[in-house]
Structures are given as structure tokens and as C-alpha cells.
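See structure below.
The values are calculated or read from the model by the stated rules, or taken from the named source; none is laboratory data. What you see is a predicted model; the values in this text were computed from it and never measured. Virtual Cβ from ideal backbone geometry, glycine too; neighbours counted across all protein chains shown. Keep in mind that these areas ignore ligands, DNA and RNA; they rest on the heavy atoms of the full protein, side chains included. Shrake-Rupley method; radii C 1.70, N 1.55, O 1.52, S 1.80 Å.
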Amino acid sequence: MAKPILGYWELRGRAEPIRYLLHYKKVDFVDKRYTAGVAGYEEWQKDKFSLGLDFPNLPYYIEGDFRLTQSIAIIRYLGYQHGLVAKTDEQQRRILVAEQQSIDFRQKLRSFAEADEYKETGKEEFLKSVQPLLQQWEKFLGNRKFMAGDDITYVDFMVYEAFDLYRLYHESVLDDYPSLKAYFSRMKNLPELQEYMKSPVRKPWPIFAPKAKFGGSGDPPKHL
């Protein structure tokens, strides 16, 4: 049987949590990356309407005759396929809340990095606006090991990635939040993720599209 294929741009973007999950479960898959340039765009345009996708878009996931687009749909599907889902109604509630909140939290940084006012707003002012959200995350996590409880679920890969993007922007962003900092370390040091992160397969930079003033191009921060 052919290997599953995950298709996305050659950056972390919306696909990185999916890559985390696949590597965590040791799935042998093709990490198809389209370069962020003219050649990559043209390649994607050639593939776009020839892959049998209902709604042609990136990322896409192909597993035999099964074809899926939309990053949340893909990671949810893989979560159910690999047993990384809730065991109780309360866990499901927490997963759904953390899922949407992680999307909004990530988007806040991305929107700031792509905004024309990026330099005018300034790092200090932006980080000040992030503090209430981190306080809410700290309270939400509490003394749990993972977002839903003691067991890791698919949403943890989304949350971890969002936190890591903020860490790249400001290295000590989690220092005042002991539960979040411990959670971040717990996720990062999962042996399966460490294997991926230390491999040449992983491309930790860039994190956003080229138009972003932070994370889109240039040299990565020293604490990458």
C-alpha cells in the first residue's frame, strides 16, 4: 500500500501540528512540500485540480483513496484514527475549547507579523496584549499534564506549536507561567517529537508565509 501523503508549503504554517502527530505515531508518510516561490506555486497549480480533492487546498492528506483538505479536519481525522481523542465528555469539551483557542492564539501572532503596523506597534506593546491570554491558558491547564487531562490528544500538537511560535518571537514568553512552561517542556521532550526535531526532515524555519515581517524569511532567531 502506498504511503500517506501530506502536502503543504515548505514552511511550518498550518501543517506542522499534523507533522508532529504523524511523527509521534511513527507513521511512514510522504511529507510533500511545495517551495515558497514561483516554482512551488506553479507545481501546486498543476497538482491542485488533479488530486481528486473535494475542496483543493493546502494542506491536503491522501491515504489511498481517502482524500482530505483543511488542517483541522486532517488533524481531527488523524486523532481519531490513532486514538488521540477524548475518553469522557469533559475531555471532549476541553479539547474543543483548546482547539479553537489555539487557532485564535496562533492567528494573533500571525496577523501581527503580517500587519503593516508591525514596527509601529512594537514588540513590548504586542507582548503586553498577550499576557491576559497566557494567564487564561495557565488557569485552563492547571495541574493537568496535557490539555484534556493525563493523556495526550491531537489538540496538544496544535497548542504546543502555537506556544512555540510565541517562544520564537520572544524566548522568555512562558517564564511567568509555570504550568505552561512545564507543559511546553513535557511536549517538546516527548521522545517521538525529539526524534523528528533532531532529524534533517524537519525544517523549523520559516514559520509563516514570506510576506510576514517576522517568521517569513531571513535568519531565524538564535534560540530556534
Just checking, which of L58, L78, L21 is within 15 Å of the chain's Cα centre (by Cα) and part of a loop (DSSP other than H, G, I, E, B)?
L58
Could you identify the single residue in K26, K46 that is open to solvent by 60 Å² or more (accessible area, probe 1.4 Å), among the basic types (K, R), modelled with pLDDT of 95 or more and closer than 19 Å to F157 by Cβ?
K26
Note on the range 150-172: residues open to solvent by 10 Å² or more (accessible area, probe 1.4 Å) and farther than 21 Å from D28 by Cα are D150, D151, R167, Y169, H170, E171, S172
Name the single residue, out of those in the range 87-121 being open to solvent by less than 30 Å² (accessible area, probe 1.4 Å) and over 20 Å from I207 (Cα atoms), that is farthest from the chain's Cα centre (by Cα).
R94
Tell me whether the range 110-131 contains one or more residues that are closer than 26 Å to L22 by Cβ, assigned to a helix (DSSP H, G or I), in contact with a helix residue (DSSP H, G or I) (Cβ under 6 Å, 6 or more places away or on another chain) and touching a residue at least 40 places away in the same chain (Cβ under 8 Å).
no
Have a look at P204, P210, P200, P220 and point out the one that is touching a Ser or Thr at 6+ places or on another chain (Cβ under 8 Å), under 26 Å from G37 (Cα atoms) and not assigned by the TED database to the domain that holds A98.
P210
Being in contact (Cβ under 8 Å) with a residue 24 or more places away in the chain, of a type in the set (K, R), closer than 26 Å to L165 by Cα and open to solvent by 60 Å² or more (accessible area, probe 1.4 Å) is true for just one of R76, R33, R19. Which residue is that?
R76
